[in-house]
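J.: One structure follows; several queries about it will come next.
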Amino acid sequence: MVAASAECGADAVQQGRNQSLNIHLPMSTEDNDFDVAKKVADLIKAVGKERQQKILRWVAENFEVSIAAAPVAPALNPPATPGSQGPGQITPPPRATNIKSFVDLKSPRSDNQFATVVAYYYAFEAPPDERRDTITAEMLRDATRLAQRKRLGTPSVTLAHAKSRGYLDAADRGQYRINSVGENLVAMALPSSGAVAEAKRNTAARRRSGKNKASSPKRAAAKKKRP
């Protein structure tokens, strides 16, 4: 009897928690994990940190899942010199050396994602003397050229759209700064599996196009030699 009363009491408390949250999120099975997380973040971003932690803890308890702490980014080590690496140590993967290699690595699938990748690159990945806290339409236009990407119609509009998607925040006039949502998009969600497949198809298509162009002069010369 006591156990049954305790169980009923726990159910009542949980129901009260769910009602107090009053969460109504328009989600579908087509939403990916990142989109769902963004909707939850938009819902609770207006409340204080303490309430955010309480709400997320209640949600975790409701679904009986544990929330692990975010991994801490490892400190950057100086380049290893020949003979300085001990036995059993693994050389870390090389970092992107320029904006083109970083864009190729992340394979953004939309202009909004591309703008976010560019903002992330200049904030965290660019050489120290090139890093910028914010990007502008001019920097985004220049990035399309450096990354050999199709030119944007109006870069300022692309930045505004990336802001409306929640990836960037407006800073000074005409300047945009990447936020935590945009950082998670670039660091964790990109490249997506679809983007990797599309990049491979594009690379194969460019190679075929190059071979066709190289063989065209030979074919033309062969036709001229025919009597």
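J.: Classify segment 99-189 from the C-alpha gyration tensor, please: rounded if a/c falls under 1.5, else prolate or oblate depending on whether a/b exceeds b/c.
T.: Rounded.
J.: Go through segment 137-148 residue by residue and turn each phi into a ³J(HN,Hα) via Karplus (6.51, -1.76, 1.60, θ = phi - 60°); whole Hz please, and just put x for glycine and proline.
T.: Those phi angles translate into 4, 5, 5, 5, 5, 5, 5, 5, 5, 5, 8, 6 Hz.
J.: Order of Val117, Val186, Val40 from fewest to most other C-beta atoms within 10 Å?
T.: Details: Val117 27, Val186 24, Val40 15.
Sorted ascending by nearby Cβ count, the order is Val40, Val186, Val117.
J.: Run the simple label-point estimate for Ala189 and Lys100 please: 7 Å along Cα→C-beta, distance reported in nm.
T.: The two pseudo-label positions are separated by 2.8 nm.
J.: Expected output is a single nm value to one decimal: the length gained when fully extending between Ala41 and Ser110, i.e. 0.36 nm times separation in residues minus the C-alpha distance. What is it?
T.: Details: separation 69, 0.36 × 69 = 24.84 nm, distance 2.19 nm.
In short, 22.6 nm is gained.
J.: Let's test the formula: R0 of 30 Å, r as the Cβ-Cβ distance of Asp133 and Lys49. What FRET efficiency results, to the nearest 0.05?
T.: Taking R0 as 30 Å, the efficiency between Asp133 and Lys49 is 0.85.
J.: I've got another one for you. Checking the table Lys45/Lys106; Lys39/Lys100; Lys38/Lys100; Lys49/Lys106; Lys39/Lys163; Lys39/Lys150 against a 21 Å threshold on Cα-Cα, which pairs fail?
T.: Lys45/Lys106; Lys39/Lys100; Lys38/Lys100; Lys49/Lys106; Lys39/Lys150
J.: Got a sec? How would Phe63, Phe124, Phe102 order by Cβ neighbour count within 10 Å, fewest to most? Walk me through the numbers on the way to the answer.
T.: Working: Phe63 6, Phe124 14, Phe102 22.
Fewest-to-most Cβ neighbours within 10 Å comes out as Phe63, Phe124, Phe102.
Read-outs: derived from the displayed coordinates by stated rules, not from any lab. None of the values given here were measured: they were computed from a predicted structure. Because the Cβ atoms are built from the backbone with ideal geometry, glycine has one as well, and the counts that use them run over all protein chains shown.
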